[in-house]
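What follows is a short report on a single structure.
The values are calculated or read from the model by the stated rules, or taken from the named source; none is laboratory data. Just so you know, these numbers come straight off a predicted model, no measurement behind them. Cβ placement follows ideal geometry from the backbone for every residue including glycine, while neighbour counts extend to all protein chains displayed. When the accessible area is computed, the model is the full protein with side chains, heavy atoms only, and any ligands, DNA or RNA have been set aside. Shrake-Rupley method; radii C 1.70, N 1.55, O 1.52, S 1.80 Å.
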Amino acid sequence: MKEYFKQKLNEKEYKKLKKISDSNVLGYIKEAIELCNPKSIFVNSGSHQDIEYIREKATTLGEELQLAKEKQTIHFDNYGDQARDKKNTKILVPKGKELQGVNTTDRDEGLMEVLGFLKNIMNNKEMIIGFYCLGPVNSPFSIPAVQITDSFYVAHSENILYRIGYEEFTSKEKLSYFIKLLHSAGALDERNTSKDLDKRRVYIDLEGNIVYSTNTQYAGNTVGLKKLSMRLAIYQASKEDWLCEHMLVMGIKGKNDRVTYMTGAFPSLCGKTSTAMMEGEYIVGDDIAYLRKINGEIKGVNVEKGIFGIIQGVNSKDDPLIWKALNSDNELIVSNILMKDDKGIHWIGKDGEIPKHGFNHSGEWEPGKKDATGKEIKVSHPNARFTIKLDMLDNLDPDWDNKDGLRISAFVYGGRDSDTSCPVEEAFDWGHGIITKGAALESETTAATLGKEGVRVINPMSNLDFVSVPLGKYLEMNLEFGKNLKSPTNIYGVNYFLKDENGKFFNGREDKRVWYKWIEKRVNNEVKTIDMPTGRIPLYKDLKELFKEVLKKDFSKEEYDKLFTIRIQENLKKIERVRSWYQKLNNIPEKLYQILEEQEKRLHDAQKKHGSSYISPFKLT
Ligand code: SPV
Ligand code: MN
């Protein structure tokens, strides 16, 4: 095989590849070269020189455009390529196998189709072979990955977002497990965006342990180390008794310099980034966590080392930490926002006036511009993003890269719910939490999503898009995970979006800081709770104290009463929705129905006892 590479690669690149001896790794690279037939090949060893080469090439090839500041660029995706393509993202399943609740296609047919698209696809492009490590290097949590792509934007993004793993590959004769990713942006138009969108595919081959992505540039479809590897990791986790979750990880500061780590799973538009970025606390990661049980404790790591975050609405007042990072001189890629004539940038919700002219994801732009369907094109796309390194943030946890993982004391699940769940509530036990907070996670559609507003959508653990095992099996994995722990991890539900009778939000953006400080105290046994039919809620006096301490705000008995009054009918309806959603699927653990039924009974009993559908917590103390 070495002879083959010697022929295909120039001497400099061959030298870098030569250090790898695992025949499976080399075999994969050879197959990719044969299939895609690139004009030239570049090997990214992660050296300073290689990183700079990729950054520069992204701009010289026009995949990114230089902004006013030196290490800052903008990338545009095709107007029709602005988000994850859920329809064309499929798990390949062999004949006779079934993956209920997951978008799938026949493996043989899928492979034939996508390999057909990839044939000779790089014949006028350079192939980039990158070696990365998902999670901290040299850690029992982590997974090495080989990413092959013809997009310098993708490679550049990955260098910002992921740890380099070249040494993971060169230091071992044989790797026990690694992930393979193959991407091509396909043919590009005059703006350097993927133009064959009808051939856009993201196919996940669990058997071959590889993800193919074609004719797309949007990072959620192409940055293989993000959501593409996640499907393979979930599959691998299902075989090894650990979890790969769509979760942020953060550290909340408590008494005497104590830091308590928590994860958080939130469907989109439910406050995930603002939670990870909470003022005064530590961020570890904002998107994906690997979690393992080690010596009877749950430990977790951030898979990434950067943030690919939504830029819409970021402003100096609400998001001071991101604002500062975006306005620094550090390396930054923004995508699908407006590049002004002076090479400055603007997006929806940024401080200041909307410029009169510039370039965005639709090409040359002026206010009022309409697309082919007559829809107004805003200054930036709602899913426009920024890509930065975590270490640009002032609130990065000093221990964020710990290779032994951080001890996770709480799992938090947060939905968007205007009238059912209270702002913060502890589950009675692990199973109750996994089912009623995680598996029952719902979000209401907002004006920012397509279709009708206020429709509740179930998204188990906010992981529905990425689950690559039958949903029943995934729930089983979650239920098993927290059993028999030496130091237990509690589960909480949060909801920032309760509304009053006039449709106004009860809580301000800042209030979540109190809910997390309360969770921090609770897992450290410093506060007591009141049992409600749906879980355990805080005492008024503790929240009053925390509102004063954290936000310098008064918190009245009336507010507490409104926020934490149990809404029996709304909760019963939720149980009904969740149950009927799962009943459409096979092989859902019996435990789910049992736990929902128990909750239903508690709600009915409480209603009977108190003769009302709304019961104040003061009645229960
Ligand atoms: C998400 O949509 O959950 C993201 C962005 O984190 S993407 O990379 O598109 O998945
Ligand atoms: Mn995500």
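Using the Karplus equation 6.51 cos²θ - 1.76 cosθ + 1.60 (θ = phi - 60°), what ³J(HN,Hα) coupling, rounded to whole Hz, does each residue of segment 106-111 give in order, writing x for Gly and Pro?
4, 4, 4, 5, x, 5
Using only Cα atoms, find the angle between the long axis of helix 540-551 and the longest principal axis of the chain, and express it within 0 to 90 degrees, rounded to the nearest 10.
40
Go through L9, L35 and list them by solvent-accessible area, largest first, probe radius 1.4 Å.
On the way: L9 10, L35 30 Å².
Descending order: L35, L9.
Return one number: the angle in degrees, 0 to 90 and rounded to the nearest 10, between the long axis of the Cα atoms of helix 152-161 and the longest principal axis of the Cα atoms of the chain.
40
Roughly how many debye, to the nearest 20, is the charge dipole of the chain about its Cα centre, given +1 on each Lys and Arg Cβ, -1 on each Asp and Glu Cβ, and no other charges?
Working: 94 positive and 92 negative charges, 159 e Å.
Charge dipole of the chain: 760 debye, to the nearest 20.
Leaving out ligands and nucleic acids, note down the accessible area per residue over the chain with a 1.4 angstrom probe, in whole Å².
Working: 25430 Å² over 621 residues.
With the other protein chains kept in place, the chain gives 41 Å² per residue.
For segment 410-550, what is the relative contact order in percent, using Cα pairs closer than 8 Å and at least 6 residues apart in sequence?
33
Nearest 10 degrees, 0 to 90: what angle lies between the long axis of helix 590-610 and the longest principal axis of the chain (Cα atoms)?
Taking the Cα atoms of the chain, the angle to 590-610 is about 30 degrees.
Under the Karplus relation 6.51 cos²θ - 1.76 cosθ + 1.60, θ = phi - 60°, what is the ordered set of whole-Hz ³J(HN,Hα) values for segment 481-497, x standing for Gly and Pro?
Per-residue couplings from phi come out as 4, x, 6, 6, 7, 6, 10, x, 10, 8, 10, 10, x, 10, 8, 8, 10 Hz.
Of all the accessible heavy-atom surface of the chain, with the other protein chains kept in place and a 1.4 Å probe, what percent is carbon and sulfur?
Values: 12110 of 25430 Å².
Carbon and sulfur together cover 48 percent of it.
What whole number of Å gives the distance from the Cα centroid of segment 413-452 to the Cα centroid of segment 1-35?
If we compute the Cα centre of each part, the gap is 49 Å.
Short version: ³J(HN,Hα) in whole Hz for each residue of segment 287-301, in order, from phi by Karplus 6.51 cos²θ - 1.76 cosθ + 1.60 (θ = phi - 60°), x for Gly and Pro, what are they?
9, 9, 10, 9, 10, 9, 8, 10, 6, x, 10, 8, 10, x, 10
Quick one: order K619, K343 from most to least accessible surface, probe 1.4 Å.
Descending order: K619, K343.
Under the rule of at least 5 residues apart or a separate chain, name every residue whose amide H is placed under 5 Å from the amide H of I129.
F42, V43, N44
So what is the orientation-averaged projected area of segment 574-621, using the convex hull of its C-alpha atoms, in nm²? Kindly include the intermediate steps, with their values, before the conclusion.
On the way: hull surface 15.6 nm².
So the mean shadow area of the Cα hull is 3.9 nm².
Which of the aspartates and glutamates could a cross-linker span from K293 if the Cα-Cα distance has to be under 12 Å and same-chain partners fewer than 8 positions apart are dropped?
By straight Cα distance, K293 reaches E240, D241, D404, E480.
Give the distance, in whole Å, between the Cα centre of segment 467-499 and the Cα centre of segment 264-337.
What the calculation gives is 21 Å, centre to centre.
Using the crude model of +1 on Lys and Arg Cβ and -1 on Asp and Glu Cβ, and no other charge, please compute the dipole size for segment 328-418 relative to its Cα centre, in debye to 20. Write down the numbers at each step before the final one.
On the way: 13 positive and 17 negative charges, 102 e Å.
Rounded to the nearest 20 debye, it is 500 debye.
With runs of 4+ DSSP H residues as the only contributors, calculate the mean residue ellipticity of the chain at 222 nm using -39,500 (n - 2.57) per run, divided by the residue total and rounded to the nearest 500. Kindly include the intermediate steps, with their values, before the conclusion.
Values: 18 runs with 180 residues, N = 621.
The helix contribution divided over the chain gives -8500 deg cm²/dmol.
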